[in-house]
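What follows is a short report on a single structure.
The values are calculated or read from the model by the stated rules, or taken from the named source; none is laboratory data. A quick note: this is a predicted structure, and the numbers were derived from the prediction, not measured. Every residue, glycine as well, gets a Cβ built from its backbone with ideal geometry; the counts of neighbours run over all protein chains shown. Keep in mind that these areas ignore ligands, DNA and RNA; they rest on the heavy atoms of the full protein, side chains included. Shrake-Rupley method; radii C 1.70, N 1.55, O 1.52, S 1.80 Å.
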Amino acid sequence: KLTDFPSQSNYLVAERGLVTKWRDRLSALGGKLKVGISWRSGLMTARRLTALSQLADWAPLLSVPGVSFVNLQYGDCAAELAAAEAANGVSIHRWDDLDLKDDLEDVAALCCGLDLVLHMGTSIGDLAGGLGRPCWALLRVPEYIMLGTDHLPYCPGARVFAKPYDRDWPEVLQEVAEA
């Protein structure tokens, strides 16, 4: 039943020492808002391709002033990051010693240092939401993970930005940038 889901999001806990390590690294980025971004899944099926965005679609968000963007996208995305940085005149911070796919303890700790996590309904959003971190989920609707609701029942603190089938991601991402 939907009522069996937790009423709070912080049912996961990151290791304190790692949280301190990542907060120190993030503080070196300056006083801007620290926003983690993940724009696709590692599981790229035909159905998922229609539900996920391209980083190039995120231009409205990447132009928001006062934000330091942090890459949370696992997998080979170096070319996408470089193209987005060049096109938008922005840095998307990342660390060579962090394995975003297989080092979940460090990824969890990094999420704890972020002010916001933006995701496409992927595992990074599940992790950040479970840690009780502010999350905005960008979802094509209807989406099965919403279980027939207008939110994510297993992540009650997440704000959902819905993309109906008749809209494009750049439109929705403009709304997210304005929010």
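Looking at the stretch 57-148, which trypsin sites (Lys or Arg not before Pro) are DSSP coil and have at most 12 other C-beta atoms within 10 Å of their C-beta? Write down the numbers at each step before the final one.
Values: sites: Arg94, Lys101, Arg140; in loops: Arg94, Lys101.
Loop-located and lightly packed - Lys101.
Working with all protein chains in place, sort Thr3, Thr122 by solvent-accessible area computed with a 1.4 Å probe, largest first. Don't skip to the end; give the middle numbers.
Numbers: Thr3 115, Thr122 5 Å².
Accessible-area ranking of Thr3, Thr122, largest first: Thr3, Thr122.
Rounded to the nearest whole Hz, the Karplus-based 3J(HN,Hα) values (6.51 cos²θ - 1.76 cosθ + 1.60, θ = phi - 60°) of the stretch 170-175 follow the sequence x, 4, 5, 5, 5, 4, with x at glycine and proline.
Between Ser27 and Val141, the modelled labels are 4.0 nm apart [label points 7 Å from Cα along Cα→Cβ].
Only loop residues by DSSP count here, and only those with at most 14 other Cβ atoms within 10 Å; note down the chymotrypsin sites (Phe, Trp or Tyr not before Pro) in the stretch 68-104 that meet that.
On the way: sites: Phe69, Tyr74, Trp95; in loops: Tyr74, Trp95.
In loop regions of the stretch 68-104 (DSSP not H, G, I, E or B), the sparsely surrounded chymotrypsin sites (Phe, Trp or Tyr not before Pro) are Trp95.
Summary of packing: across the peptides 31-39, 130-138, the per-residue average of other C-beta atoms within 10 Å ranks them, highest first, as 130-138, 31-39. Straight-distance candidates among the aspartates and glutamates for linking to Lys101, with alpha-carbon spacing under 12 Å and chain neighbours fewer than 8 residues away dropped: Asp76.
Taking the Cβ of Leu116 as the centre, find all other residues whose Cβ is under 14 Å away and add up their charges (Lys, Arg: +1; Asp, Glu: -1).
Numbers: positive: Lys32, Lys34, Arg133, Arg159; negative: Asp115.
Around Leu116, the surrounding residues sum to +3.
Per-peptide packing, taken as the mean over residues of other Cβ atoms within 10 Å, places 56-62, 82-88, 162-168 in the sequence 56-62, 82-88, 162-168 from highest down.
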